[in-house]
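What follows is a set of notes on a single structure, which appears directly below.
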Amino acid sequence: MERPKSIRLLGVSIPLIVSNCKSEDLEDDEEVFGMWDGNEMVILLNSECGEIQERTTLLHELLHAIDDFLYLQLKHREIYSLSQTLYQVLADNPQLVSYLLAGFSKERNGDSDSTGSYKINKSYRCYKDN
Ligand SMILES: [Zn+2]
């Protein structure tokens, strides 16, 4: 399956750019698989990543972008754990992804002025206290 050119996040289109991920901030021998650039609002993916590595990296960098957008101030370690676990859940449950999105496409097709973007239901509550 072809890599999307961009990801829509909270109404913002974030380009996915494949590059060698070299940065002045990195040491010469330091290697990164990808980067979320919050200034340029792009996700960079290392061109030398393997297929699965690229996909898990994309999910990881997307979580960095979400973290940034929502000022969650998650630590890299937390984002790493979330992205690895979420990828594993998605990989182990392809029927879950189909199920979740089946309702979405039905609603989207029935809504004539929809932009095709998921609208957050403001009445939604998660009752898990922390
Ligand atoms: Zn990270």
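The values are calculated or read from the model by the stated rules, or taken from the named source; none is laboratory data. Just so we're clear, the structure is a prediction, and the values are computed from it rather than from any experiment. Because the Cβ atoms are built from the backbone with ideal geometry, glycine has one as well, and the counts that use them run over all protein chains shown.
Data table
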quantity: Criterion violated by residue 2 - all others in (1) exposed (fewer than 11 other Cβ atoms within 10 Å of the Cβ); (2) free of Cβ contacts under 8 Å to residues at least 40 places away in the same chain; (3) within 14 Å of the chain's Cα centre (by Cα) satisfied; calculated: (3)
quantity: Residue within the stretch 17-25 that is modelled with pLDDT of 95 or more and either exposed (fewer than 11 other Cβ atoms within 10 Å of the Cβ) or under 20 Å from residue 67 (Cβ atoms) (or both) present; calculated: yes
